[in-house]
1. Could you work out [θ]222 nm for the chain from helices alone, using -39500 (n - 2.57) per DSSP H run of at least four and dividing by all its residues? Round to the nearest 500 deg cm²/dmol.
2. Have a look at GLN95, LEU85, ILE47 and report the one farthest towards the positive end of the charge dipole of segment 45-167, computed about the Cα centre with Cβ charges (Lys/Arg +1, Asp/Glu -1).
3. Can you give me the Cα centroid spacing of segment 60-122 and segment 136-151 in angstrom?
4. Which residue, GLY55, GLY82, GLY18, tops the fluctuation ranking in a GNM of the chain built on C-alpha contacts under 10 Å?
5. Please list the non-local residues whose amide H lies under 5 Å from the amide H of ARG151, H modeled 1.01 Å from N, same-chain partners needing a gap of 5 or more.
6. By how many nm would the segment from LEU121 to MET42 lengthen if fully extended, with 0.36 nm per residue of separation less the alpha-carbon distance?
7. Specify which residue in the list PHE9, THR20, SER133 is farthest towards the positive end of the charge dipole of the chain, using unit charges on the beta carbon of Lys, Arg (+1) and Asp, Glu (-1), about the Cα centre.
8. Could you check which residue among ILE149, ILE17, ILE76 shows the biggest mean-square fluctuation in a GNM of the chain with a 10 Å Cα cutoff?
Amino acid sequence: MNNYVLIGFMGCGKTTIGRTLSERTGWENPDTDALLVKEAGMPVTEIFAKEGEQGFRDRETGLLRRLSAKGCENQIYSTGGGIVLREENRALLRQLGTVIYLEVSPGEVLRRLGDDTTRPLLQGENRMEKVQSLLEDRRSIYEAAADRIVRVDGRTPYEIADEILQASCRE
Ligand code: S3P
């Protein structure tokens, strides 16, 4: 399908880069976290608190099934950082479009997230260790799920969007 799917760790810029790509292409930019929050009528932290991580992951899978069944074109999907963890989800993401992994370093994640408290998986002490270990656990999953890998450290959303769009022109 003629769509982009942005995947990557929390704070890698999926939302911002999705928005930039959307402005440049005029395509729509659905964001899976935002859609889930709207459907649930509560923020991500509350979904995790009430339904646990499994409940949140079930909601992600349900949403991806529905998006895939709808089959919309000219979409830029921004996704939640853990959406790739289920094999079924990875298959659904590939059905949705070209999957782009926005690769970020742990230091850049911490710089970008600052003291944001909306990520249930990064709450509490030792944030750096949490980011490093989660990113290490997930690195190969992101890579396996991706059609393309784009590094984001030290680059502006505009530069990153440019790389994504130019690579597509050459394909
Ligand atoms: C998660 C990432 C979050 C959100 C939830 C779980 C994860 O999205 O879906 O807190 O497991 O990495 P962002 O990547 O947009 O922060």
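The values are calculated or read from the model by the stated rules, or taken from the named source; none is laboratory data. For clarity, every value in this text was computed on a predicted model and none was experimentally measured. Positions of Cβ are generated from backbone atoms using ideal geometry, with glycine treated the same way; all protein chains shown enter the neighbour counts. Surface accessibility is based on the protein's heavy atoms, side chains included, excluding ligands, DNA and RNA. Shrake-Rupley method; radii C 1.70, N 1.55, O 1.52, S 1.80 Å.
1. Taken over the chain, the calculation gives -18500 deg cm²/dmol.
2. Farthest towards the positive end: GLN95.
3. Taking the Cα centre of segment 136-151 as reference, the centre of segment 60-122 is 11 Å away.
4. Result: GLY55 has the largest fluctuation of those listed.
5. GLU103
6. Result for the pair: 26.7 nm of gain on full extension.
7. Checked the options; the winner is THR20.
8. Fluctuation is largest for ILE149.
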